[in-house]
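The values are calculated or read from the model by the stated rules, or taken from the named source; none is laboratory data. Note that the structure is a prediction, hence the values are computed from the model and not measured. Just so you know, the surface numbers come from the protein's heavy atoms only, side chains and all, with ligands and any DNA or RNA stripped out. Shrake-Rupley method; radii C 1.70, N 1.55, O 1.52, S 1.80 Å.
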Amino acid sequence: MRKNVSSSSSLIQKRTTDTKMMEDETRTYTVDDALAAVGFGKFQILVLAYAGMGWISEAMEMMLLSFVGPALQSAWNLSSREESMITSVVFAGMLVGAYSWGVVSDKYGRRNGFLITAMVTSVAGFLSALAPNYTFLIILRCLVGVGLGGGPVLSSWFLEFIPAPSRGTWMVVFSAFWTVGTIFEASVAWFVMPTLGWRWLLAFSSLPSSLLLVFYRVVPESPRYLCLKGRTSEALRILERVAKTNGQPLPPGILVSDHEIELHGKPTEPEGAHLLSQTKFDDEKPEIIDHSKRNVSTMSLLFSPELIKPTLLLWVVFFGNAFSYYGLVLLTTELHNGSNTCVRTGSQATHSEEVSYKDVFITSFAEFPGLLISAFTIDKLGRKGSMSTMFFLCCLFLLPLVFHQPQAVTTGLLFMARICITTTFTVVYIYAPEIYPTSVRTTGVGVGSSVGRIGGMVCPLVAVGLIHGCHQTAAILLFEFVIFASGVCVLLFPFETSGRELTDSTAPEKAITSEAA
């Protein structure tokens, strides 16, 4: 009797196990499901450190422009136009690089994208310290810009490892590496420029990008990118590494891409895979757009009916952010005091140059409050609400500078404006990758970043040129117009991305509203 009961119990247990195995074989999960299951842990911290080093590198190379230009103008007797060109060629190179590396990483992988950019940036950056004349320096700095254009590739790569619920917070943490880079560069310039000169500053600034090459071999490819390309077994191996490092199990079932689910339908949807509760969609099932077809160029997809509106609005916002951010950095070295802006004696010029190091160092610290505001508002106000609010506040802080102000007031107003523009810059680099599908994510962000580089390229030639020409009022009004227009464009963005999961392909967005905002 007992033997029969024991045998029956074993049979039931075996059937239960077999049923569970069959259910696991029929269940599926996506990269987002896997990342949500394993959480943000040690693996993502290592990925954050690597991507952050690239962000520090870009920040240092950009910040040094406000120091090297004035030094070379004095050392090589450059005209104002030639001095501005040192800055503008970097942005011209970034214009090319941001688009090129975005396309490369969407086609050949994120790792290949930022490997090439790190090589170009480190080599050209170091060689520019050895440039024998102005022409060689211009060529090498342009190549540095081409390499720096790959910055969006690193941010998109890091983004694709973060679980959706904590994406906003950790992308703000990632943006903090830019602030670390700007402050570190201002500190290095303050000590290096008066003693060792501009060549040593260029050499020191090329070191962080070299560190990316040292640790490149252990860097994983994005599992989301691998899934999109049909390389699910490779993606699974990486996700298993993530799970092992974080000490959490992967969901049961088979790994599939979002694209496969959208095309073929998903029988059962895991709990928590849907969007967060603050976002609602129409019940109508949208038509799925296949973005993985090889015969459709990634650039043309940015102008598809589903993406053209956010793409064009993003271009304006990227332009406004870059124009304003780098303009504020350069204005800090130009607006030393009110009445002496245009006419200075030799001794006054020397004193102003010393003050500029201190002022740039002080205003660089404005980025920390900007990051804190980003972290606090990005989920509470949403991406759109936080960006538009800070754009309009930036306009208010810059308005008194239409007229000459005392140096302390000028530095204070620029400090507050820098807080605002740091917040908008941080949030747009989080919002932009979220609105694009995986197949065109780095291309979309790269092209938007390229348009931003146009703003950075035009800024020293136009706005700072007006300051040199004693037209401070016109320069500030130009900044006001660009910043205000950017804020309006943010309000026109078609949807909020806070809490949304990343997608592999895009469907028309319908009736997206935010309850939590």
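Give me the accessible area of ARG111, 1.4 Å probe, in Å² rounded to the nearest 10.
Probe radius 1.4 Å; accessible area of ARG111 about 50 Å².
Quick one: 3J(HN,Hα) in Hz for region 408-419, Karplus 6.51/-1.76/1.60 with θ = phi - 60°, rounded, Gly and Pro as x.
5, 5, 4, 4, x, 5, 5, 4, 5, 5, 5, 4
Would you mind checking LYS244/LYS309; LYS309/LYS380; LYS107/LYS380; LYS244/LYS380 for any pair whose Cα atoms are more than 31 angstrom apart?
On the way: LYS244/LYS309 41 Å; LYS309/LYS380 25 Å; LYS107/LYS380 35 Å; LYS244/LYS380 33 Å.
Long pairs (Cα-Cα over 31 Å): LYS244/LYS309; LYS107/LYS380; LYS244/LYS380.
Let me cross-check MET85: its accessible surface, 1.4 Å probe, with only protein heavy atoms counted, in Å² to the nearest 10?
Result for MET85: roughly 60 Å² accessible.
Run the accessible area of region 36-155 with a 1.4 Å probe and give the carbon-and-sulfur part as a rounded percent.
Carbon with sulfur: 69 percent of the solvent-accessible area.
For TYR29, what residues show an amide H to amide H distance below 5 Å, using hydrogens built from the backbone and excluding near sequence neighbours?
Here ILE254, LEU255, VAL256 satisfy the definition.
Quick one: accessible surface of TYR99, probe radius 1.4 Å, all protein chains present, in square angstrom to the nearest 10.
Looks like 90 Å² after rounding.
Leaving out ligands and nucleic acids, and using a 1.4 Å probe, what accessible area per residue does region 387-476 come to in Å²? Intermediate results must be reported in sequence, preceding the final value.
Details: 2340 Å² over 90 residues.
Per-residue accessible area for region 387-476 comes out at 26 Å².
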